[in-house]
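First up is the structure itself, then whatever we jot down about it.
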Amino acid sequence: MTMKYHTFENFAALSEALSQQWLDVIQTTPTGSSASFALAGGSTPAPVYQRLDQLLADVDQHQPIKLVATDERWVPDQDKQSNEGLFRRCLSASATDKRWQLVSLKNAANTPEVAAEAIHARLNEQLPQAFSAVLLGMGADGHIASLFPGAPTQHDDLACLAAVHPQTRQSRMSLSLPRLLNTKRIWLVITGAEKRQVLDQAIENNLPVASLLREAGCTIDVFWCP
Ligand code: 6PG
């Protein structure tokens, strides 16, 4: 496993560098094939999504990109807790231009547990096997997507699984670890000294992100700023 730090003075500089790299991946995707990206939610990545939205406005039309959340809270898109709602807000201009298509991790089922098999089938139908890139965040407890400490990272070989946030008990749907690992690139976006220390000690503490570090089939590019 190779982990490569890209450090920046501030988040604006980080967002600029990452969104330019992202745009490059989109523009160098072979004609006829769709670029696909799994995106984190939470409070960190929104400026990166907003910057990409701006950049997409100035480039020639391309094959619509496929987007999916790395994990979603089992709430309607209108809820400010929704990651899919976050994507729709941050990538609004490019939505109008039909630059991307979101493959949702939700359906009308009451719980993610009930929905998992149907969402698994949808992911297999609508997404290419390997992602062009996965953009992950990380919690201070070392969780990635909604793969929390001590919880399973996959269920029944499905591409997604239900999860519960350990503190808030909020129901979540998460991509499984093997599905997250089926990617050409991994961008891990974290900020602050605390998360950097958590990441640097993740393997010795056997945190969820350690599975990513151990099993990734590509370099993990860590985008970090104080
Ligand atoms: C989510 C995310 C989750 C997030 C981390 C970090 O839905 O919450 O996908 O995995 O990346 O919890 O969250 P912050 O960016 O808010 O610190």
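Before we move on, is residue 145 in contact (Cβ under 8 Å) with a residue 12 or more places away in the chain, at positive phi and buried (at least 19 other Cβ atoms within 10 Å of the Cβ)? Yes; evaluated as a whole, the condition is true for this residue.
Provide a single number: the residues in the stretch 52-82 that are more than 16 Å from the ligand (Cβ to nearest atom) and either of a type in the set (Val, Ile, Thr) or outside any strand (DSSP E or B) (or both).
Residues in the stretch 52-82 being more than 16 Å from the ligand (Cβ to nearest atom) and either of a type in the set (Val, Ile, Thr) or outside any strand (DSSP E or B) (or both): 15 in total.
Residues in the stretch 187-226 that are out of contact with any Phe, Trp or Tyr (no Cβ under 9 Å at 6 or more places or on another chain) and among the β-branched types (Val, Ile, Thr): 198, 203, 209, 219. Considering the stretch 95-110, the residues that are away from the ligand (no atom under 16 Å from the Cβ) and touching a strand residue (DSSP E or B) at 6+ places or on another chain (Cβ under 6 Å) include one that is nearest to residue 27 (Cα to Cα), namely 100. Evaluating residue 45 against the criteria (1) within 16 Å of the ligand (Cβ to nearest atom); (2) over 16 Å from the mean Cα position of the chain (by Cα) leaves one unmet condition, (2). The residue pairs whose first member lies in the stretch 37-58 and is more than 22 Å from residue 184 (Cβ to Cβ) and modelled with pLDDT under 95, whose second member is among the acidic types (Asp, Glu) and more than 10 Å from the ligand (Cβ to nearest atom), and whose beta carbons are closer than 8 Å, counting only pairs six or more residues apart or on different chains, are 57/97. Checked against (1) among the hydroxyl-bearing types (Ser, Thr, Tyr); (2) surrounded by fewer than 18 Cβ atoms within 10 Å (Cβ to Cβ); (3) within 14 Å of the ligand (Cβ to nearest atom); (4) in contact (Cβ under 8 Å) with a residue 40 or more places away in the chain, residue 33 passes all but condition (3). Residue count for the stretch 25-41, restricted to those that are of a type in the set (A, V, I, L, M, F, W, C) and in a loop (DSSP other than H, G, I, E, B): 2. A count restricted to the stretch 120-142 and to residues that are more than 18 Å from residue 22 (Cα to Cα) and not aliphatic (A, V, I, L, M) stands at 9. Residue 68 satisfies every condition listed in (1) over 19 Å from residue 182 (Cα atoms); (2) within 17 Å of the chain's Cα centre (by Cα) except (1). May I ask you to verify whether residue 134 is among the β-branched types (Val, Ile, Thr), near the ligand (Cβ under 10 Å from one of its atoms) and touching a residue at least 40 places away in the same chain (Cβ under 8 Å)? Against the criterion (among the β-branched types (Val, Ile, Thr), near the ligand (Cβ under 10 Å from one of its atoms) and touching a residue at least 40 places away in the same chain (Cβ under 8 Å)), residue 134 does not qualify. Can you tell me which residues in the stretch 184-219 are among the polar types (S, T, N, Q), exposed (fewer than 13 other Cβ atoms within 10 Å of the Cβ) and within 16 Å of the ligand (Cβ to nearest atom)? Correct list: 197 only.
So that you can scan it fast, the table gives a plain yes or no per residue for (1) assigned to a loop (DSSP other than H, G, I, E, B); (2) within 17 Å of residue 161 (Cα to Cα); (3) of a type in the set (Ser, Thr, Tyr):
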residue	(1), (2), (3)
101	no, no, no
110	yes, yes, no
118	no, yes, no
122	no, yes, no
141	yes, no, no
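Listed by first and then second residue, the pairs linking a residue in the stretch 89-111 that is on the phi < 0 side of the Ramachandran plot to a residue that is at pLDDT below 95 and among the polar types (S, T, N, Q), with Cβ atoms under 8 Å apart and 6 or more places separating them unless they lie on different chains, are 93/54; 97/61; 99/61; 100/94.
May I ask you to list the residues in the stretch 141-160 that are within 14 Å of the ligand (Cβ to nearest atom) and either of a type in the set (Ser, Thr, Tyr) or within 17 Å of residue 107 (Cα to Cα) (or both)? 146, 153, 160, listed by residue number.
The values are calculated or read from the model by the stated rules, or taken from the named source; none is laboratory data. Given the structure is predicted, the values throughout are model-derived calculations rather than measurements. Reconstructed Cβ throughout: ideal geometry from the backbone, glycine too, with neighbour counts over all protein chains shown.
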